[in-house]
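> The structure that follows is given in the form of structure tokens.
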Amino acid sequence: MNSVPGSFDTLTFDNRFTAELPADPVLENHCRQVPGALFSRVKPYKVNQPVLLAYSSDVMDILGLDQGYAASGEFTQIMAGNRLAKGMDPYASCYAGHQFGNWAGQLGDGRAINLGEILNSQGARWALQLKGAGPTPYSRQADGFAVLRSSVREFLCSEAMFHLGVPTTRALSLVTTGEAIPRDMFYDGNVKSEPGAVVCRVAPSFTRFGHFENLAAQHNLPLLKQFIDYTLRFDFPHLGAISNETIALWFTEVCERTAEMVAHWMRVGFVHGVMNTDNMAILGLTIDYGPYGWLDSYDPDWTPNTTDAQNKRYRYGNQPTVAHWNLLQLAQALAALTGEVEPMQAALDRYAEHFQACWTTMLSIKLGLENSSDKAHQTFLQGVPDLLQIAETDMTIFFRSLAQLPPVSDLSDEQLLEPLQDAYYAPEAITVEQRGRITGWLRTLIGLWKQSGMTDEARVKLMNAHNPKYVLRNYLAQQVIDKAEQGDYSMLHDLQSVLTNPYETQAGKSRFAEKRPDWARHRAGCSMLSCSS
Ligand code: AMP
Ligand code: MG
């Protein structure tokens, strides 16, 4: 049979993961411990009635799929797991991890089924993975499926993050399966039937810190070495052949990439919500969009994850520290092989230094300033969190509006606050004293602009390119979900499209840039999410 041009069958599959690494010898699909292997072969579950809800034309292009192919039934069937294309070799990978600070042992792809890796026309390697495609040997007590609400959130957010310039896995497609999935959303005995869905995720690789932790915990040093060698060759080919030196260089790069990723999260106000080591990608990509959220009002102690409500380990302001802790767990796994602790410690120190450099650079740019190690500049940056908590302040609107401030020194308080009106949740409640602190800070900022070497035009351009107008606000995602559950996908498509251009003001789209409405303040899905998905 001839392949349709631009279809999956015309892509070049080159499945190195399954070709080079040891497989679980057991082929039955039941839950088990899988020692001494990196993956188990498993087929996606065949679903009842798949319907394609959305796809990313960008990712179609990257893979070399024809845009028109998305409308074919074949694309939907493959994206739902009902059909495999020529060259696909499906499997679930085996990893372990630390969850909420505790060793959790073997976890693995409990509901992710990898389809294989393609080499695109530029020679770039892209791995494809269906999330929610049914049980695997790693499903433990769960069912292997995913529901519409969490799949909409993963699909929209991973693409939104990419367009914001945040390192992330991508999403090719979102399909509903026609299956009914029982879920106890808040673990309170209230089980509801929800529509099943599958997202196809795409990334150069899906290797997690937990893959290495798993092999170190098994004291399987030959396999740990083999997998590091594999990772160096395919994910970090510029570093050279495996040795203690290249392992140290590699870990340093993982530290740097992780620092950059977290600095970007802080820049756009993203809270991952479940920064367990099994949810940390070795490539420094944001992975596993679960109970994540976006800061509406700036609050460093906020976490969207109700499962973490007590300790708030994964709160916004703690993310840089947690990433460091996660890297330490990875360092320990790698040191099991190299026996050298010092280079690992040096890389961990490098993380802290690099995070600080990335973050202060990004924050400076958000404010329209050049970063410098100058003490006065650094002190000014350190004052920003306090400024944002004087009154309840919408982080996204505040930063975006700063560029509209006229760069002149003799503005009245009213003139200074005018562009920032929308950033405050209760402007009428701001006291004279609070107002004085805010306007004082704004006057200092304008003074710094005047001292800087940047022209006003260049500064405004720079600020607008780093302070998004549109982010995936929690309440917007929930509205999309409410509509999608009623069969209305118009807002899904509209928001998806707006979020491909988050730094450009788009005509007629102001409703996607509005601060959280009052009804959403305490509504489930808008400010509180559980791990149930
Ligand atoms: P997460 O908190 O989403 O990172 O998931 C932690 C572990 O639980 C991973 O091994 C997941 O694959 C697994 N998991 C989460 N949800 C499900 C599910 N519905 N079915 C099977 N495994 C799941
Ligand atoms: Mg996970």
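> Across 10 Å bins from 0, what is the distribution of all Cα-Cα pair distances for segment 8-209, in whole percents?
Percent of Cα pairs in each bin: 9, 35, 38, 16, 2, 0.
> Could you tally the net charge around Pro406, taking each other residue with its Cβ under 11 Å from the Cβ of Pro406, Lys/Arg +1 and Asp/Glu -1?
Working: positive: none; negative: Asp410, Glu418, Asp456.
Here the charged neighbours net out to -3.
> Rank-order 423-435, 474-486, 109-121 by packing density, defined as the average count of other C-beta atoms within 10 Å over each peptide's residues, highest first.
Working: 423-435: 13.1, 474-486: 19.3, 109-121: 21.2.
Going from most to least packed, we get 109-121, 474-486, 423-435.
> For Lys46, list the aspartates and glutamates whose Cα falls under 19 Å from its own Cα; do not include residues on the same chain fewer than 8 positions away.
Candidates past the 8-residue exclusion: Glu28, Glu74, Asp89, Asp109, Asp143, Glu179, Glu194.
> Output the relative contact order of the chain, whole-number percent, from Cα pairs under 8 angstrom with separation of 6+ residues.
Dividing the mean separation by the residue count of the chain yields 14 percent.
> Let me ask another. Eigenvalues of the Cα gyration tensor times 5, then square-rooted: what semi-axes does that give for the chain, in whole angstrom, largest first?
Numbers: eigenvalues 312, 158, 94 Å².
For the chain, the ellipsoid semi-axes come out as 39, 28, 22 Å.
> Determine the gain in length on full extension of the stretch Ser510-Arg523; use 0.36 nm per residue of separation and subtract their C-alpha separation, reporting nm with one decimal. Spell out each step's value before the answer.
Working: separation 13, 0.36 × 13 = 4.68 nm, distance 2.24 nm.
Answer, rounded to one decimal: 2.4 nm.
> Let me ask another. Just to confirm, what accessible area per residue do you get for segment 8-209 at 1.4 Å probe, in whole Å²? Before the final figure, lay out the partial values.
Details: 7250 Å² over 202 residues.
Roughly 36 Å² per residue, with all protein chains present.
> If you don't mind, there's one more thing I want to ask. By how many nm would the segment from Asp58 to Lys375 lengthen if fully extended, with 0.36 nm per residue of separation less the alpha-carbon distance?
On the way: separation 317, 0.36 × 317 = 114.12 nm, distance 4.33 nm.
Going from the current span to full extension adds 109.8 nm.
> Nearest 10 degrees is fine. How inclined is helix 221-235 to the longest principal axis of the chain, computing both from alpha carbons?
60 degrees
> Using a Förster distance of 41 angstrom, determine the FRET efficiency expected from the C-beta separation of Arg443 and Gln332, and round it to 0.05.
Numbers: r = 49 Å, r/R0 = 1.20.
About 0.25, to the nearest 0.05.
> Please report Rg over Rh for segment 350-488, where both radii come from the alpha carbon positions and Rh follows the Kirkwood definition. Could the numbers behind the result be given before it?
Working: Rg = 17.1 Å, Rh = 16.6 Å.
Looking at segment 350-488, the ratio lands at 1.03.
> Same structure, new question: Taking 7 Å along the Cα-to-C-beta vector as the label spot, tell me the Ala465-Ala19 distance in nanometres, rounded to one decimal.
For the pair Ala465/Ala19, the computed spacing is 4.0 nm.
> Which FRET efficiency value, to the nearest 0.05, do you get for Thr321 and Gln415 by plugging their Cβ-Cβ distance into 1/(1 + (r/R0)^6) with R0 = 51 Å?
Values: r = 40 Å, r/R0 = 0.78.
Efficiency for this residue pair is about 0.80.
> Could you state the angle between the C-alpha long axis of helix 342-366 and the longest principal axis of the C-alpha atoms of the chain, as a value from 0 to 90 degrees rounded to the nearest 10?
Here the helix axis deviates by roughly 50 degrees.
> Okay, moving on. Any chance you could get the radius of gyration and Dmax over the Cα atoms of segment 451-533, in Å?
16.3, 55
> Next question. Residues with beta-carbon under 12 Å from that of Ser3, excluding Ser3: net charge, scoring Lys, Arg +1 and Asp, Glu -1? Don't jump to the answer; show the numbers that get you there.
Details: positive: Lys86; negative: Asp9, Asp66, Glu74.
Summing Lys/Arg as +1 and Asp/Glu as -1 gives -2.
> Between Asp143 and Tyr425, what is the spin-label point distance in nm, taking each point 7 Å from the Cα along the Cα→C-beta axis?
Rounded to a tenth, the inter-label distance reads 3.5 nm.
> I would also like to ask the following. If you stretched the chain out fully between Asp301 and Gln404, how much longer would it get, using 0.36 nm times the residue separation minus the C-alpha to C-alpha distance?
Going from the current span to full extension adds 34.2 nm.
> Given the rule -39500 (n - 2.57) for each run of at least 4 DSSP H residues, summed and divided by the residues of the chain, what is its mean residue ellipticity at 222 nm, to the nearest 500 deg cm²/dmol?
On the way: 17 runs with 209 residues, N = 533.
One gets -12500 deg cm²/dmol as the mean residue ellipticity at 222 nm.
> Using alpha carbon centroids, what distance separates segment 125-160 and segment 339-415, in Å?
Centre-to-centre (Cα) distance: 35 Å.
> Specify the angular offset, from 0 to 90 degrees and rounded to the nearest 10, of the alpha carbon long axis of helix 456-466 from the longest principal axis of the alpha carbons in the chain.
On a 0 to 90 degree scale, this one is about 30.
> Given a 1.4 angstrom probe, I'd like the percentage of the accessible area of the chain that is carbon and sulfur, rounded to a whole number.
On the way: 10770 of 20960 Å².
Within the chain, the accessible surface is 51 percent carbon and sulfur.
> Need the C-alpha centroid separation for segment 49-107 versus segment 423-475, integer Å.
Spelled out, the Cα-based centre of one part sits 41 Å from the other.
> At each listed q (0.12, 0.13 Å⁻¹), what is the log10 of I(q)/I(0) that the Debye formula gives for segment 210-305 modelled as equal alpha-carbon point scatterers?
Result of the Debye calculation: -0.49, -0.56.
> Can you pull the one-decimal nm distance between simple spin-label points at Phe186 and Gln382, each 7 Å off the Cα toward Cβ?
For the pair Phe186/Gln382, the computed spacing is 4.1 nm.
> With the dipole of the chain worked out from charges on the C-beta (+1 for Lys and Arg, -1 for Asp and Glu) around the Cα centre, which of Ser412, Leu115, Ala160 lies farthest toward the positive end?
Farthest along the dipole direction, towards plus: Leu115.
> Relative contact order, percent, of segment 339-421 when contacts are C-alpha pairs under 8 Å separated by at least 6 residues?
Values: 26 pairs, mean separation 16.7, N = 83.
Result for segment 339-421 is 20 percent.
> Which FRET efficiency value, to the nearest 0.05, do you get for Glu74 and Phe100 by plugging their Cβ-Cβ distance into 1/(1 + (r/R0)^6) with R0 = 35 Å?
Details: r = 42 Å, r/R0 = 1.19.
My answer for the efficiency is 0.25.
> Further question: If you average 1/r across every pair of different Cα atoms in segment 291-408 and take the reciprocal, what Kirkwood value do you get, in Å? Could the numbers behind the result be given before it?
On the way: mean 1/r = 0.0593 Å⁻¹.
Answer for segment 291-408: a Kirkwood hydrodynamic radius of 16.9 Å.
> Leaving out same-chain residues fewer than 8 places away, which lysines sit with a Cα under 19 Å from that of Lys461?
Lys366, Lys450, Lys469
The values are calculated or read from the model by the stated rules, or taken from the named source; none is laboratory data. Keep in mind that what you see is a predicted model, and the values were worked out from it rather than measured. No Cβ is skipped: glycine too gets one built from the backbone with ideal geometry, and neighbour counts run over all protein chains shown. Each accessible area value is taken on the protein alone, full model and side chains, heavy atoms only, with ligands, DNA and RNA left out. Shrake-Rupley method; radii C 1.70, N 1.55, O 1.52, S 1.80 Å.
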